[in-house]
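Novice: Could you have a look at this structure, given as C-alpha cells, before my questions?
The values are calculated or read from the model by the stated rules, or taken from the named source; none is laboratory data. Note that the structure is predicted; figures quoted are calculated from it, not measured. Cβ placement follows ideal geometry from the backbone for every residue including glycine, while neighbour counts extend to all protein chains displayed.
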Amino acid sequence: MSKYNNAIHEVIFLKNDGTERIMLCTTMPEYIDPKAMDRINHTTGRPKMSEGLNTVWDVEKQDWRSFHTDSIIDERALNEAEVHLMGIMPYQQG
C-alpha cells in the first residue's frame, strides 16, 4: 500500500526539466474527483504504478500527476489541521 493512501502529502521534487515543484497529493479516494476514477486501473482500483514512479492525485490541480521517487527533495504528511486550514476538502460521497 502506498504511503500516499494514508494522508495528504506535501512533496518537493525536481521535474524532468530540472525545475523544482511543490505538490500537495494523495491517493486517498475521498479526495479524488469521482470522475477521475474512470482513468485508473480497474483491476487494482489504483492508478497504474511503475517501480520508482509515484502516481498520485494532485489536490490543487485536481488531476493525476506522477513523479520519480529519486527526484524527491523533501516530503511530509500533512496533519488534519493543516489540511483543514488549506481548505482541502473531500468530495461528497453519494
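Novice: Among what's in the range 27-49 and is under 12 Å from Trp64 (Cα atoms) and of a type in the set (Asp, Glu), pick the residue that is modelled with the highest pLDDT.
Specialist: Filtering first and then ranking leaves Asp33.
Novice: Between residues in the range 73-92 that are within 13 Å of Thr26 (Cα to Cα) and residues that are polar (S, T, N, Q) and outside any helix (DSSP H, G or I), which pairs lie under 8 Å by C-beta distance while being six or more apart or on different chains?
Specialist: Every condition considered, the pairs that remain are Ala77/Asn6.
Residues are listed down the side, and each one gets a yes or a no for (1) more than 13 Å from the chain's Cα centre (by Cα); (2) acidic (Asp, Glu); (3) at pLDDT 90 or above:
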residue	(1), (2), (3)
Ile8	no, no, yes
Val56	no, no, yes
Asp63	no, yes, yes
Ser71	yes, no, yes
Ala77	no, no, yes
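Novice: Can you pull out the residues in the range 54-71 that are surrounded by 14 or more Cβ atoms within 10 Å (Cβ to Cβ) and out of contact with any Leu (no Cβ under 8 Å at 6 or more places or on another chain)?
Specialist: Asn54, Thr55, Val56, Trp57, Trp64, Arg65 - these are the residues of the range 54-71 that are surrounded by 14 or more Cβ atoms within 10 Å (Cβ to Cβ) and out of contact with any Leu (no Cβ under 8 Å at 6 or more places or on another chain).
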